[in-house]
1. Between B:GLN101 and B:GLU40, how high is the FRET efficiency from 1/(1 + (r/R0)^6) when r is the Cβ-Cβ distance and R₀ = 22 Å? Nearest 0.05.
2. Given chain A, what percent of its DSSP beta bridges are antiparallel, to the nearest 5?
3. Among A:GLY58, A:GLY29, A:GLY66, which one shows the biggest mean-square fluctuation in a GNM of chain A, springs joining Cα atoms closer than 10 Å?
4. Test of understanding: in a Gaussian network model of chain A with alpha carbons linked when under 10 Å, which of A:ARG41, A:ARG49, A:ARG90 would top the mean-square fluctuation ranking?
5. In whole Hz and in residue order, list the ³J(HN,Hα) couplings for the stretch B:59-65 that follow from phi through the Karplus curve 6.51 cos²θ - 1.76 cosθ + 1.60, θ = phi - 60°; x for Gly and Pro.
6. Stokes-Einstein at 37 °C, 0.692 mPa s, Kirkwood radius from Cα pairs: D for chain B in µm² s⁻¹?
7. Normalise the Cα radius of gyration of chain A by 2.2 N^0.38 Å (N = residues in it) and let me know the number.
8. What list of ³J(HN,Hα) values in whole Hz, one per residue of the stretch A:61-76 in order, does the Karplus curve 6.51 cos²θ - 1.76 cosθ + 1.60 (θ = phi - 60°) give from phi, with Gly and Pro shown as x?
Amino acid sequence: AQRVTQPEKLLSVFKGAPVELKCNYSYSGSPELFWYVQYSRQRLQLLLRHISRESIKGFTADLNKGETSFHLKKPFAQEEDSAMYYCALRGSNTGNQFYFGTGTSLTVIP
Amino acid sequence: NAGVMQNPRHLVRRRGQEARLRCSPMKGHSHVYWYRQLPEEGLKFMVYLQKENIIDESGMPKERFSAEFPKEGPSILRIQQVVRGDSAAYFCASSRGSVYQPQHFGDGTRLSIL
């Protein structure tokens, strides 16, 4: 069965420090992985998706099929990065539904 | 483009009443998805609809819950005879198509059952 695991519920880093939000998944086929972000009092919005191979707001994420991971990274955290981050999976045989992790709340300490 | 609009933002119901949650997709989007987020949990898929059709309702509880997306008007998630355990945030998302299209989310409706 498909599953997305975000092991850290809370993560605090100092401004300027590197940050990595972990995401592991379980899926037997070829998944499509996404990161969504929810800033305070705002709606959930797409941050990036693995097929785009892009960097958004300094964040990158690489799909590692061997480790079944899609960790989100940023070399230098900024205060405005403080938000809730959700990793999500969409599989080739799951229709169009997404499977979300439980989220990681990131706090960047000034 | 106003984005995905959900209303109401907050809904309070007493046990046994009905709750109706509305979702208007983004302009040009014909696919709608409903998710539920219970306290301390991630978003869980409930149902996927296209205009006038339910495509996948595998995440929907078998009783008391129903969803529709009529030809005209918003998508409606309906919960009959609500119970305390239905208290949650309900999110709607829409997409232009189904394949390789990202989903855009609304602000959610927070349902509280007294």
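No value in this document is a laboratory result; all are computed from the given coordinates. Keep in mind that what you see is a predicted model, and the values were worked out from it rather than measured. Here Cβ is always computed from backbone atoms with ideal geometry, including for glycine, and neighbour counts include all displayed protein chains.
1. Calculated transfer efficiency: 0.15.
2. Within chain A, antiparallel bridges account for around 85 percent of the total.
3. Among A:GLY58, A:GLY29, A:GLY66, the largest GNM mean-square fluctuation belongs to A:GLY66.
4. A:ARG41
5. Once rounded to whole Hz, the list reads x, 8, x, 5, 10, 6, 9.
6. 234 µm²/s
7. 1.02
8. 8, 10, 7, 10, 5, x, 9, 6, 10, 8, 6, 9, 10, 8, x, 9
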